[in-house]
Amino acid sequence: MSWLKGSNGDLEKELKKKQKQEEREKQVALARERQEMEEKNRRFQILKREKPSDYRTFEIIKDKETGVCYIWHEKFVKGSGNRVGFTVLLDREGKPFVDDSEEYVDVDDFN
């Protein structure tokens, strides 16, 4: 009967391990769901990010309420830190560029 106890103990360990894994998967799914809800509730959305070098970053940011897009630029200057600029993105006519699409674009698609 000792072999039966051993196998039951192994089964119990395996069951506990599986339950822990399922609980972790549930927690990850809930965290992702929360993150998606937060992103939907945010007013500003990053449409595109470009990093042409280690020292420069550009982002196109959309105000989801107005549709107006902005460009954000960061440049690291050795010895003096980061320099940042933020301004309205203009169309060819010099007017603020307005993106009326409701479509969500994942910024990671652009990296």
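Each value in this text was obtained by applying a stated rule to the coordinates, not by laboratory testing. The shown structure was predicted, so the numbers you read here are calculated from the model rather than taken from an experiment. All Cβ positions, glycine included, derive from the backbone under ideal geometry; neighbour counts span all protein chains shown.
Couple of notes before you dig in:
- With each label modelled as a point 7 angstrom along the Cα→C-beta vector, the LYS16-THR87 pair spans 6.3 nm.
- For the stretch 37-66, the set of chymotrypsin sites (Phe, Trp or Tyr not before Pro) satisfying both a DSSP loop assignment and a count of at most 13 other C-beta atoms within 10 Å is given as TYR55.
- Length released on extending from ALA29 to SER80, taking residue separation times 0.36 nm less the Cα-Cα span: 14.1 nm
- Bridgeable lysines around LYS17 (alpha carbons under 28 Å apart, same-chain partners fewer than 8 residues away excluded): LYS5, LYS26.
- Three-way shape label, the stretch 15-81, alpha-carbon gyration tensor, a/c 1.5: oblate
- Assigned charges on the beta-carbon of Lys, Arg, Asp, Glu; the stretch 1-98 dipole about Cα centre (debye): 240
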